Amino acid sequence: MAEIIEYTAIKSYTDIEQSKKLAKILPIESADMWHHGFFHPLRMCKIEYNPPAPYHSVNSQWDCPCWSLAALLGVIPKQIKNNVLRVDIDEKNFSIWYDELEYGVNSELPDIIMECPVDACVELIIKLHELKML
């Protein structure tokens, strides 16, 4: 009997819904990728990495910025007051949170645990934005 191996695709960048949310929060210049042509009526969408110009479509409203994991980590504050960013990766989860330098985990700041690092970073950014700490 063949062994069944569960395969989970690695998510390399924000999906459209995440990208639309982040575009309202983050500077567009912080995006390092684009869903090129996503809003085009014919839906001929492809991902463009590090484009030389913010938009590539004939109509800029056809494009949607997106962020790679590296770009997301680049916009998350490494320190908020006396709290430093912590990241932990194990076989199943990606955790991202803030530790208070003197006392350990800070319960006032977000503590995110998810399977996908991109999803966890997006969630942290959204929560920090809600707390006006981004």
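No value in this document is a laboratory result; all are computed from the given coordinates. Just so it is clear, the model here is predicted, and its values are computed rather than measured. Glycine also receives a Cβ, built like all others from the backbone with ideal geometry; neighbour counts cover every protein chain displayed.
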In Å, descending, principal axis extents of the Cα set of the stretch 75-130: 29, 24, 17
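Can you flag which of Lys11/Lys92; Lys20/Lys81; Lys24/Lys127; Lys24/Lys81; Lys20/Lys127; Lys11/Lys127 are past 23 Å Cα-Cα? Don't skip to the end; give the middle numbers.
Numbers: Lys11/Lys92 14 Å; Lys20/Lys81 29 Å; Lys24/Lys127 14 Å; Lys24/Lys81 25 Å; Lys20/Lys127 16 Å; Lys11/Lys127 21 Å.
Pairs exceeding the cut-off: Lys20/Lys81; Lys24/Lys81.
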Under a plain spin-label model, where a point goes 7 Å from the Cα along Cα-to-Cβ, how far apart in nm are Ile10 and Asp90? 2.1
